[in-house]
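Visitor: I'd like to ask you about the structure that follows.
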Amino acid sequence: MKIRFLLTMLLLGTASQVTLAMADQLNPQPLPPSPNWARAMPMGPDTRVKITEDYARHVGKDAYFWGWPMANIFNRRVSFKDVKEPMMSGPVPIAPLNTVAMLTNYITPDERLVACPNQDVVYGAGSLALDIEPVVVQVPDFGDRFWVYQMVDLRTDSFVQLGKMYATTPGFYLLVGPNWKGEVPRGITKVFRSPTDTGFVAPRIFQDDTAEDRKAIQPVLKLVMMYPMSQYDGVMKSADWSKMKVLPSGEKGAAETRFVFPEKFFDELPAILADAPPLPGEESRYGQMLAVVNAAKDNPRIKAALVEGAKEAEEKLVTPLLQFRNYGEQLPHNWSTISNEAAFGTDYFTRTAVARSNILVNSPNETKYFYQDLDAAGDRLNGKNSYAVTFAKDQTPPVDGFWSLTLYNEHHFFAPNELERYSLGTKNKSLKYNSDGSLTLYVQASSPDKDKQANWLPAPKDGDFSLYVRAYWPKAAITGGTWTPPAVQKVN
């Protein structure tokens, strides 16, 4: 079919037209490629030319916003590099590079490593350093239990497909870096090549909110393992995650742990760019950034201007993107969503927005996310009010996996409450449906009537909060956009 297409184009036009048509097929976009796209051009500015402080400030602002997600993942790797064994750092699991550590239950409200956690799955965490060595990932037999392993590169784009939605078979899978050319060991089912050497891993294993399932999940959790290829022997390894050493948490604040700092960003940027080769069309961007960074090495005023630009980007561009209402595809009833999660490519705005508000989202076919800061009238959700979310009969999120509605405080973490309940959905076996088959969830600070308590999602007593629908393994109605969440109605 492709040969016939090319022959047709040769008959109809010039060779350059064929080239353009091929480019359009490979890189579909709203605008056609430049007629001179294949012409050799300088990859960046002439580094011999003097630049102004104002220009450096401009580049600093742009580079900081563009590179914020990559610096985030890069510095997570840096923070794990001295970890000697899998352990708990307060409420979160941490592990040496190229290994993973697993929880044995839901994440707790004092977690601050990643914003917007959920209490539908048991999490794991690990940082990839594939320049050191390839990594083997174990997949045990999960039976009917939902599971997905998320693995993102330095850009926060996913590069593996491991999960129930992929019909992944139990076995051993190999992660390799972009330049690895070694021999694949016998017994490896599939190899996934990361576009960058640095990445992050976050397994998710579904668990019902019952004591029985918390017990039933433990044997399979012990087999969720990741380790350097040199340790691979073809035999499933295991670990008793419940016996990990527990260290005090270093973070006590209300907001997410910071991994990106304007003062350090440009010292880290050359290593980040070296790890993430430019995507098509980014060559001149890389050249521009590196030229200014190099100029700043021997010029304190240029360096100061870069940092000033970064600080301005942090304050005016990055920080506002914590709020869901400031980005995303706008949906009915003030909900929003995105459709390119974990596949951002050159969509720099969405990439940074997601990294700031809820980093480490799954691919769209793995999980669909819906965000809400406002009620049906467009007013900010706040604990002083009571709200109802009613799913019509047969209109809960259509999924092959599971769904949930989670509440987050203004910093995108759980709001502690006496019930220790932070979400409602598939995991809750006692939800009560209305007589007409609809399902109403009550979002409020005070306890509702006794017959509604099973459907009560506690809100903070005061302060703003957000709601968040997760649809794991979404059906076509969700991925195609014909299903969206219902309105959040204020009832007082």
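The values are calculated or read from the model by the stated rules, or taken from the named source; none is laboratory data. This is a predicted model, so every value here is computed, not measured. With ideal geometry, Cβ positions are generated from the backbone for all residues, glycine too; neighbour counts draw on all protein chains shown.
Visitor: Look at residue 123 and say whether it is in a strand (DSSP E or B), within 27 Å of residue 460 (Cα to Cα) and touching a residue at least 40 places away in the same chain (Cβ under 8 Å).
Guide: On the way: in a strand (DSSP E or B): yes; within 27 Å of residue 460 (Cα to Cα): yes; touching a residue at least 40 places away in the same chain (Cβ under 8 Å): yes.
Yes, satisfied.
Visitor: Only one residue in 176, 135, 191, 139 is modelled with pLDDT of 95 or more, in contact with a Pro (Cβ under 7 Å, 6 or more places away or on another chain) and surrounded by fewer than 21 Cβ atoms within 10 Å (Cβ to Cβ). Which one?
Guide: 176
Visitor: Among the candidates 237, 215, single out the residue that is of a type in the set (D, E, K, R), modelled with pLDDT of 95 or more and outside any loop (DSSP other than H, G, I, E, B).
Guide: 215
Visitor: Another question, if that's okay. Does residue 171 satisfy the condition of being out of contact with any helix residue (DSSP H, G or I) (no Cβ under 9 Å at 6 or more places or on another chain) and not assigned by TED's automatic domain parsing to the domain that holds residue 344?
Guide: When the stated conditions are applied, residue 171 passes them.
Visitor: Follow-up question, since we're still on this one. Return yes when residue 150 is part of a strand (DSSP E or B), touching a residue at least 12 places away in the same chain (Cβ under 8 Å) and either of a type in the set (Asp, Glu) or within 20 Å of residue 358 (Cα to Cα) (or both) and no when it is not. Don't jump to the end; show me each part of the working.
Guide: Values: part of a strand (DSSP E or B): yes; touching a residue at least 12 places away in the same chain (Cβ under 8 Å): yes; either of a type in the set (Asp, Glu) or within 20 Å of residue 358 (Cα to Cα) (or both): yes.
So residue 150 fits the description; yes.
Conditions tested, residue by residue: (1) within 21 Å of the chain's Cα centre (by Cα); (2) within 27 Å of residue 362 (Cα to Cα); (3) exposed (fewer than 15 other Cβ atoms within 10 Å of the Cβ).
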{"position": "384", "(1), (2), (3)": "no, no, yes"}
{"position": "391", "(1), (2), (3)": "no, yes, no"}
{"position": "401", "(1), (2), (3)": "yes, yes, no"}
{"position": "419", "(1), (2), (3)": "no, no, yes"}
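Visitor: Count, please, the residues in the stretch 449-472 that happen to be surrounded by fewer than 13 Cβ atoms within 10 Å (Cβ to Cβ) and not in a loop (DSSP other than H, G, I, E, B).
Guide: So the first thing to find is which residues in the stretch 449-472 are surrounded by fewer than 13 Cβ atoms within 10 Å (Cβ to Cβ), and the list is 449-451, 461-462.
Pick out the ones that are also not in a loop (DSSP other than H, G, I, E, B) and you get 450-451.
Residues in the stretch 449-472 being surrounded by fewer than 13 Cβ atoms within 10 Å (Cβ to Cβ) and not in a loop (DSSP other than H, G, I, E, B): 2 in total.
Visitor: Has the stretch 206-219 got any residue that is in the same structural domain as residue 135 (by TED's automatic domain parsing) and touching a Phe, Trp or Tyr at 6+ places or on another chain (Cβ under 6 Å)?
Guide: yes
Visitor: Oh, and also: Exactly one condition in (1) farther than 25 Å from residue 340 by Cα; (2) assigned to a helix (DSSP H, G or I); (3) of a type in the set (Gly, Ala, Ser) is false for residue 67; which is it?
Guide: Looking at each condition in turn, residue 67 falls short on (1).
Visitor: Okay, next question. Check 59, 83, 114 and return the single one that is buried (at least 22 other Cβ atoms within 10 Å of the Cβ) and of a type in the set (Val, Ile, Thr). Lay out the reasoning, then the answer.
Guide: Numbers: 83 fails: buried (at least 22 other Cβ atoms within 10 Å of the Cβ); 114 fails: buried (at least 22 other Cβ atoms within 10 Å of the Cβ).
Answer to the selection: 59.
Visitor: Given the criterion small (Gly, Ala, Ser) and part of a strand (DSSP E or B), identify the matching residue among 446, 404, 430. Lay out the reasoning, then the answer.
Guide: Details: 446 fails: part of a strand (DSSP E or B); 430 fails: part of a strand (DSSP E or B).
That would be 404, the only listed residue that is small (Gly, Ala, Ser) and part of a strand (DSSP E or B).
Table: residues versus (1) among the small types (Gly, Ala, Ser); (2) more than 19 Å from residue 114 (Cα to Cα); (3) assigned to a strand (DSSP E or B); (4) free of Cβ contacts under 8 Å to residues at least 12 places away in the same chain.
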residue: 342; (1), (2), (3), (4): yes, no, no, no
residue: 363; (1), (2), (3), (4): yes, no, no, no
residue: 384; (1), (2), (3), (4): no, yes, no, no
residue: 408; (1), (2), (3), (4): no, no, yes, no
residue: 415; (1), (2), (3), (4): yes, no, no, no
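Visitor: Among the residues of the stretch 370-389, is any at pLDDT 95 or above and touching a Cys at 6+ places or on another chain (Cβ under 6 Å)?
Guide: Residues of the stretch 370-389 at pLDDT 95 or above: 370-389.
Narrowing further to those that are touching a Cys at 6+ places or on another chain (Cβ under 6 Å): none.
No, the stretch 370-389 has no match at all.
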